[in-house]
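Contents: one structure, followed by commentary.
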Amino acid sequence: IPCMNGDFPELGDNVQKLVRFARDNGMLIVHIFADYNEQDSRWFDSNDKTLNRLKLDVNKPDFDMVKPLKNERIFYKSTFDGFYKTTLNEYLQSKGIKTVYGAGVATSVCVLNTMHGAYIRGYKTYIVKDCCAD
């Protein structure tokens, strides 16, 4: 991730520390990765030269930062909101989750929209400032 080397060089280490803390304390961890595509992402246009330069259709998770463990669920989102058209809400409800902590890249887009999605569904929400970047 380019911003890790420039504006947010501690992001990777901070996220790894956060995940290690959550794992050590038995907290539920979910990973949300992008799966932007023309079918489900209404704003996505493979003919858009700007989007093609951004390579949004590659959709490869950054496992160098944090590799999900087998017991950690992965969700793929087709919009900037990890709750939209996924089973994330149902999964969190099935686990009795009441509070959601958010971290990730593109704080003003994906983290913001996913945390808003959590908030409007009744979760108490916190964004982990040192584990976000954009």
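The values are calculated or read from the model by the stated rules, or taken from the named source; none is laboratory data. Given the structure is predicted, the values throughout are model-derived calculations rather than measurements. Every residue, glycine as well, gets a Cβ built from its backbone with ideal geometry; the counts of neighbours run over all protein chains shown. Calculation scope for accessible area: heavy atoms of the full protein, side chains included, ligands and nucleic acids excluded. Shrake-Rupley method; radii C 1.70, N 1.55, O 1.52, S 1.80 Å.
Observations
- Of all residues in segment 87-111 being open to solvent by 90 Å² or more (accessible area, probe 1.4 Å) and not acidic (Asp, Glu), the one that is farthest from Asp13 (Cα to Cα): Gln93
- Test for Asp62: is it at pLDDT 80 or above and closer than 18 Å to Cys131 by Cα: no
- Residue ID - modelled with the highest pLDDT, chosen from residues in segment 1-27 that are part of a loop (DSSP other than H, G, I, E, B), surrounded by 11 or more Cβ atoms within 10 Å (Cβ to Cβ) and out of contact with any Asp or Glu (no Cβ under 8 Å at 6 or more places or on another chain): Met27
- Lys129 open to solvent by 100 Å² or more (accessible area, probe 1.4 Å), basic (Lys, Arg) and not in a loop (DSSP other than H, G, I, E, B): yes
- Which numbered condition Phe44 fails, given (1) at pLDDT below 90; (2) crowded, with 17+ Cβ neighbours inside 10 Å: (2)
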